[in-house]
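One structure is given here, and the rest of the page talks about it.
The values are calculated or read from the model by the stated rules, or taken from the named source; none is laboratory data. On a predicted model such as this, the values are computed, not experimentally measured, just so you know. Here the Cβ is made from the backbone with ideal geometry for all residues, glycine too, and neighbour counts use every protein chain on show. Calculation scope for accessible area: heavy atoms of the full protein, side chains included, ligands and nucleic acids excluded. Shrake-Rupley method; radii C 1.70, N 1.55, O 1.52, S 1.80 Å.
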Amino acid sequence: MMMKKWMFQHRFSLTVVLFIFVSVFSIYLTSLNGHIWSFLGMNNDGRFHVMRIEGLYEALKHGQYFPIVNISFLGGFGYISNIFYSNLWLYPVACMRLLGLTSVQAFVLFYILLNFCTLSLSFWAFHHVSHQYDKSLVFSLMYTLSIYRIFDMVRRFDVGEVLTLTFLPVVILGVYEIFYGDRRQWLYLALGMTAVIYAHALSPILIAVFILLVIIFRLKVLLAEPKRWLALFYAGIVALMLTLAYFLPMAEQLHHTQFKLTYSPLIDVSQSGMKLGDLIHWSLMDDLYIQNIGLILLLVAITIPFIIKFVKNPALRDFALIGEILLFLSTKWFPWQYFVHTPLNMIQFPWRFYMLVSILFTIFLASDPLRWFSQGWKKVLLVVVSLSLVIGAEQVLIVEHPDEYRTYSAFNDLDIYSIGGGEEYLPKDASLDGLISTPHEPQLKAGQAIISDFSQQDSKLSFKFQNANKARIDVPIISYYGYSAKASTGKVSKLTMDQANNGLGQVIVNGAGTVRINYYRTVIQKDSQIVSMISFIILMIGIAFQKKNAK
């Protein structure tokens, strides 16, 4: 009795300690013994995201606080990944690099931080609705330890999706409040979606599908309570204003530059649906080397059809059924071939829906609608089994794929050409192999000129030219929209993109002078950021006044 009383009195502190333990131990294979299990192939997301971090760190080190082009990629040619993948949530890990940590040390600490944030946000979101400490604890632990999430962390190293999974509980809470709870709390959806948009470009599409299904399930209620539509509209408008700093620069760049992203996508959505047998087999095995939902959530998926009629809570019932639908959408049974020429094709892999499936099934499991886990020891056993399955699955990775279990020094040996398998943000006619073999120096393509004193610092390039006569010179940067030679001296033309030479910048010069090229943030880039920042400040002031009035 005394022990229970003591634990109750100190439950917050004990929960924090538990969260720290799980944050570290659930990814033990990345942190404890000087080795890290990492799939380091050039086409893997892991190297790409590590280079994103490295590029932000280098930019901050040189006083560039909002870099547009990541110069760390491609040996100085640059890669405009920052337009399509926001850097917002990478600043903490980049600051760790500034404090002197190596790439792998900063990355591991970042992972531990993401685990802790996921545990905390998921606990808070569930407790906000249920007001039950024990169930909230079970949900936060089971969700954070879900196999697909751990797969994203230790196999794919997909930082974008891992960040989405961190903020997804806030999104689901917002959806719950708008469609099932207090519609006046629509702000949770607005803030959750804002966080997700700045984390991963594709996840909002998946969430939009989820919200559409919720609308279909709640259509009768929405017709009877039209103010819920208004709440959804408010959430959308606020999220849009807060993310203009992301969407407008991306749209501007897509308007001015032809990318592989839109002209030659790596894969279409119809090619990557899961076979049902594979989904079941890999889930039964908790195989972290390939995408699946894990044994526990597979059992939940099998159980739901048999017990759903006994579930009285409409949100819980709808979320469970929508989880089943999204699981179906991840398979080859769904006719994805009819969606190749729609925006849904951008998700590339239907099994990305496992993000939503994982949280929806975990909500159902933790809520325990039939009270199968009402006793405390059963809840503890459920969490212990989940953690044990994760640790066992990670150990299998090390045993079955020993070549991927590398030293920290190997991880720190960064590959500047790891731009992702799709090479999406290269100009449409560019070649990665061509860029690798291209000398990093100005190249005379036609006419005549003497070129000297080439130098580059970050996105700034300069060189001198003499005795030039209609000299066409390619400069060693990819000429994304925003680069300009306006600070040059002498007869220097406007900077253009040489489509025939990997999209490199090109100028035409005559006589003598100096070519100076730099990336200048566009009006849209600057103004959209100002609008989003002002919107955020106004929102915070509004929240503060609302809380003051409530008191």
*Mind listing the Cα extents of the chain along all three principal axes, in Å, largest one first?*
90, 55, 50
*Student exercise, segment 237-363 dipole from Lys, Arg, Asp, Glu Cβ charges, in Debye to nearest 20*: 260 debye
_Between helix 376-400 and the chain: long-axis angle, C-alpha atoms, 0 to 90°, nearest 10_ = 40 degrees
_From phi via Karplus (6.51, -1.76, 1.60), per-residue ³J(HN,Hα) for segment 224-233 in Hz, x at Gly/Pro_ = 7, 10, x, 5, 5, 4, 5, 4, 5, 5
*Roll a 1.4 angstrom probe over the protein heavy atoms and tell me the percent of accessible area of segment 419-493 that is carbon or sulfur.*
42 percent
*Say R0 is 22 Å: what FRET efficiency, to the nearest 0.05, do Leu99 and Ile538 get from their beta-carbon distance?*
0.10
*Once the Cα atoms of helix 133-144 and of the chain are each reduced to a long axis, what angle between those two axes, in degrees from 0 to 90 to the nearest 10, is obtained?*
40 degrees
*Have a look at Leu222, His200, Leu189 and report the one farthest towards the positive end of the charge dipole of segment 150-241, computed about the Cα centre with Cβ charges (Lys/Arg +1, Asp/Glu -1).*
Leu222
*Relative to the longest principal axis of the C-alpha atoms of the chain, give the angle of the C-alpha long axis of helix 11-25, reported between 0 and 90° and rounded to the nearest 10°.*
50 degrees
*Which of the trypsin sites (Lys or Arg not before Pro) across segment 325-398 are loop residues per DSSP, with 11 or fewer other Cβ within 10 Å?*
Arg371
*asked:* Per 0.36 nm of contour for each residue apart, how much would the distance between Lys312 and Glu400 grow if the chain were fully extended, relative to their Cα-Cα spacing?
replied: 27.2 nm
_Under the Karplus curve 6.51 cos²θ - 1.76 cosθ + 1.60, θ = phi - 60°, whole-Hz ³J(HN,Hα) for segment 76-82, x wherever Gly or Pro sits_ = x, 5, x, 8, 8, 4, 5
*Non-local amide H neighbours of Ile477 (under 5 Å, H modeled in plane, Pro and chain starts lacking H): which ones?*
Gly505
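Pop the C-beta distance of Lys486 and His10 into the FRET formula with R0 = 60 Å and round what comes out to the nearest 0.05.
Numbers: r = 63 Å, r/R0 = 1.05.
The calculated FRET efficiency here is 0.40.
In Å², what does the accessible area per residue of segment 348-428 work out to with a 1.4 Å probe? Before the final figure, lay out each step's value.
Working: 3320 Å² over 81 residues.
That works out to 41 Å² for each residue.
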*Using a 1.4 Å probe, what is the accessible area per residue for segment 157-204, in Å²?*
21 Å²
*Rounded to the nearest 0.05, what FRET efficiency is calculated for Asp415 and Gln132 with R0 set to 60 Å and r the Cβ-Cβ distance?*
0.80
*Just grab the label-to-label distance for Leu299 and His281, each label 7 Å out from Cα along the Cβ direction, in nm (one decimal).*
2.3 nm
_Just to check I understand the Karplus step: with θ = phi - 60° and J = 6.51 cos²θ - 1.76 cosθ + 1.60, what whole-Hz values come out for segment 476-492, glycine and proline as x?_
x, 9, 6, 7, 5, 5, x, 6, 8, 10, 5, 8, 6, 10, x, 8, 10
*Rounded to the nearest 500, what is the chain's calculated 222 nm mean residue ellipticity when only DSSP H runs of at least 4 contribute -39500 (n - 2.57) each, over all residues?*
-17500 deg cm²/dmol
*Thr331's amide H: which non-local residues (gap 5+, or another chain) put their own amide H closer than 5 Å, with H modeled 1.01 Å from N in plane and none for Pro or chain starts?*
Met274
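Kindly rank 518-530, 146-158, 85-97, 65-77 from highest to lowest mean number of other beta carbons found within 10 Å of each residue. Numbers along the way, then the final one.
Working: 518-530: 16.3, 146-158: 24.4, 85-97: 19.2, 65-77: 20.8.
In decreasing order of mean packing, 518-530, 146-158, 85-97, 65-77 become 146-158, 65-77, 85-97, 518-530.
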